[in-house]
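Each reported figure results from applying straightforward, stated rules to the coordinates on display, with no laboratory input. Not measured: the values here are computed from a predicted model. Note that we place each Cβ from the backbone using ideal geometry, even for glycine, and neighbour counts take in every protein chain shown.
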Amino acid sequence: MTAQPPVPPPTMPDEVGPNHEILWQAVAGAEWYELDRAGEDGAWTTVYAGAAMQWSVVGSPAGLYRYRVKACSNGGCSAASAERLLRVVIDVSAVADYLLSH
């Protein structure tokens, strides 16, 4: 068996809040996907492995993150997709509104 063809990079906005979704495209013949994330320290960690083509993030700290995805089957995994950079920003407008009104 041969490894899967490469996956396009994950799709998402450049900036998101602490709760967001990472999405990617299906690859014909893929049985599961592996999503890797690197924070500002540069260390890659697999954060998801499964058949879905999305991963939900809840409560992510503010900062810069890089994502890449691989398509996998019993024949092996594809090379990692191109990296996608994402900035998580925290909406402080509610806190600012509170402080300004009191």
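Across the range 43-51, rounded Karplus estimates of 3J(HN,Hα) from the backbone phi angles (6.51 cos²θ - 1.76 cosθ + 1.60, θ = phi - 60°) give 7, 7, 9, 6, 9, 8, 9, x, 7 Hz, Gly and Pro being marked x.
Ordering 63-69, 35-41 by mean Cβ neighbour count within 10 Å, with the highest value first, yields 63-69, 35-41.
When only alpha carbons of the range 1-66 are considered, Rg and Dmax amount to 12.9, 41 Å. Here the spin labels are modelled as points 7 Å beyond Cα on the Cα-Cβ line, and at residue 79 and residue 52 they lie 2.9 nm apart.
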